[in-house]
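The values are calculated or read from the model by the stated rules, or taken from the named source; none is laboratory data. All figures in this text were calculated on a predicted structure; none of them were measured in a lab. Because the Cβ atoms are built from the backbone with ideal geometry, glycine has one as well, and the counts that use them run over all protein chains shown. Heads up: the accessible areas ignore ligands, DNA and RNA and are worked out on the full protein's heavy atoms, side chains in. Shrake-Rupley method; radii C 1.70, N 1.55, O 1.52, S 1.80 Å.
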Amino acid sequence: RRLRAGFGAGRRASRGAGVMATWDDVVRISLSLTGATSGVAPDGAPTCDVGRHPFARLRCDEGGELLQYWSLERDSALALADRSDTFVGIDTFRVKVSIWARLDRLAVDELTEILTDSWRARRGVRG
């Protein structure tokens, strides 16, 4: 898995106010969504799942904790281009986009929006 450049440099939070997010915030917010459960990826990494699909997954690199999440917005790479210090990996597929974000650069309010969108993208219900 190749991540884009931007490790360790740049601003803390680009949007939203307040405390920077942690994995504990991911779990707390995720479990408040209908049908969400805690899970474990095949490699042992913690996930938050809806149905049989993860919608949040903890990843780590030398720069710290990363949140992997999903979006139905296929233009996410363009929309997040000016925030490459926060959104360090974006893979666009036919239907969904997989995005990796530095947790310590996300404010909790922005994290809530991200997780809700990812939950919608992965729950298997359109509309």
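Summary of values
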| item | result |
| --- | --- |
| Residue match in the stretch 104-122 (condition: closer than 17 Å to residue 24 by Cβ and in a strand (DSSP E or B)) | yes |
| Matching option when the condition is assigned to a loop (DSSP other than H, G, I, E, B), more than 17 Å from residue 122 (Cβ to Cβ) and in contact (Cβ under 8 Å) with a residue 60 or more places away in the chain, among 85, 43 | 85 |
| Subset tally (residues that are crowded, with 16+ Cβ neighbours inside 10 Å and closer than 18 Å to residue 46 by Cα) for the stretch 64-100 | 9 |
| The stretch 21-63: number of residues that are under 16 Å from residue 87 (Cβ atoms), β-branched (Val, Ile, Thr) and either touching an Asp or Glu at 6+ places or on another chain (Cβ under 8 Å) or open to solvent by 60 Å² or more (accessible area, probe 1.4 Å) (or both) | 0 |
| Scope the stretch 59-76; condition outside any loop (DSSP other than H, G, I, E, B) and either under 17 Å from residue 110 (Cα atoms) or of a type in the set (Phe, Trp, Tyr) (or both); matching residues | 65, 66, 67, 68, 69, 70, 71, 76 |
| Test: residue 109 is in contact with a Lys or Arg (Cβ under 9 Å, 6 or more places away or on another chain) and open to solvent by 70 Å² or more (accessible area, probe 1.4 Å) | yes |
